Every structure is written in structure tokens, then in C-alpha cells.
Amino acid sequence: MTDTLKPDHKCEKIATAYMTEGRDWWVGRLLETVKEHPQETHCLHMLTPLKDVVFLVNEADFQWLTVLARAAIGPLDERWLESVTCGAIKRAQN
């Protein structure tokens, strides 16, 4: 049975984030197309104290993740966010 948190794939590690003990994140380039997910080109491996998971992703996913990360760390210019995402990402309102 395949672990849905760690899909079967073959990849080459291309970047690593050196973090604290118990946290290891790295990105790989898929060496073979994953049959169930042909649009994905890369993988994001995330080991945290709670989970060890692999996300199959593509270039657009990385671009959106970058925008979301920027929104999370702020300060964020609302005009920049609107222009970059064409309104697809909005700052959450309390």
C-alpha cells in the first residue's frame, strides 16, 4: 500500500533548507513522471516534528507558495499582492 503522505517517486535533490534538528525540508526534480500526477515536475520533502510528508508540485505551485510565504511574513503591500496574484490571494480579514 502506498503512503499517501509520501507518494512513490524518483527524484534528484536540487535544494535543501538547513533548519533545526527535527526539521528537514528539501526540493527535488522528478526523474520520472508520476503516473497518477503527470502535471507535477518537482517534489517538496518536509520533515517536521509532527509529520514526514512529500508534496508533488509544479512550477506554479512554487510561485504561489512564494507569494503566500511573503504574505505570511509581511509587511505586505496590498497593491503588490493584487498585482502579483490578480486577486487570487487576499489577506485574511479578521
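The values are calculated or read from the model by the stated rules, or taken from the named source; none is laboratory data. Only a predicted model underlies this, so the values are computations on that prediction, with no experimental measurement involved. Note that each Cβ is placed from the backbone with ideal geometry, even for glycine, and that neighbours are counted across all protein chains shown.
Side notes on the structure shown:
- For the stretch 39-58, a tally of residues being surrounded by fewer than 14 Cβ atoms within 10 Å (Cβ to Cβ) and under 13 Å from P7 (Cα atoms) returns 1.
- Only one entry of T20, T41, T33, T48 meets the criterion of being more than 25 Å from C86 (Cβ to Cβ), among the polar types (S, T, N, Q) and touching a residue at least 12 places away in the same chain (Cβ under 8 Å), and that entry is T48.
- Cβ pairs under 9 Å, 6+ apart, first in the stretch 52-76 and over 20 Å from T41 (Cβ atoms), second assigned to a strand (DSSP E or B): D52/D24; D52/H45; D52/M46
- Subset tally (residues that are at pLDDT 95 or above and either basic (K, R) or not in a strand (DSSP E or B) (or both)) for the stretch 38-56: 4
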